[in-house]
1. Return the equivalent ellipsoid semi-axes of the stretch 43-91 as a descending list in whole Å, where each equals the square root of 5 times an eigenvalue of the C-alpha gyration tensor.
2. How much length, in nm to one decimal, is gained on full extension between residue 44 and residue 77, taken as 0.36 nm per residue of separation minus their Cα-Cα distance?
3. Tell me, what is a quarter of the convex hull surface for the C-alpha atoms of the chain, in nm² with one decimal?
4. Counting other C-beta atoms within 10 Å, which of 73, 92 has the fewest, and how do the rest follow?
5. If we count other beta carbons within 10 Å of each Cβ, what is the order of 76, 69, fewest first?
6. Based solely on its DSSP helices, what 222 nm [θ] is calculated for the chain when runs of n ≥ 4 H residues each add -39,500 (n - 2.57) and the sum is averaged over all residues, nearest 500 deg cm²/dmol?
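Please treat every number below as a calculation from the coordinates, not as lab data. Values in this document were obtained by computation on a predicted structure and should not be read as measured data. Methodologically, a virtual Cβ is constructed for each residue, glycine included, from the backbone with ideal geometry; neighbour enumeration extends over all protein chains shown.
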């Protein structure tokens, strides 16, 4: 699968934003929101999920974060979920709710 220039540009922008945040506060714990900046790895990942748009990229990325955060909070991976179950904004809200539980 060929990754669209739109997704490639989006990933590069997100990676730069993430690195700027890390540079400002290198000791903080950051969940890595940017995946697969290597073009081949990005293409493989997009192909795996069938991603063709930036929204789909964000949706799948947030779901992967959810998958890991849920395991930390509940001790089990939510294998019954799919990245298409919610929009990227909904996954962000769900993830924040789980992170709030960790930080309490």
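1. Ellipsoid half-lengths, sorted descending, are 20, 11, 8 Å.
2. Gain on stretching residue 44 to residue 77: 9.6 nm.
3. 7.0
4. Going from least to most buried by this count: 73, 92.
5. 76, 69
6. -22000 deg cm²/dmol
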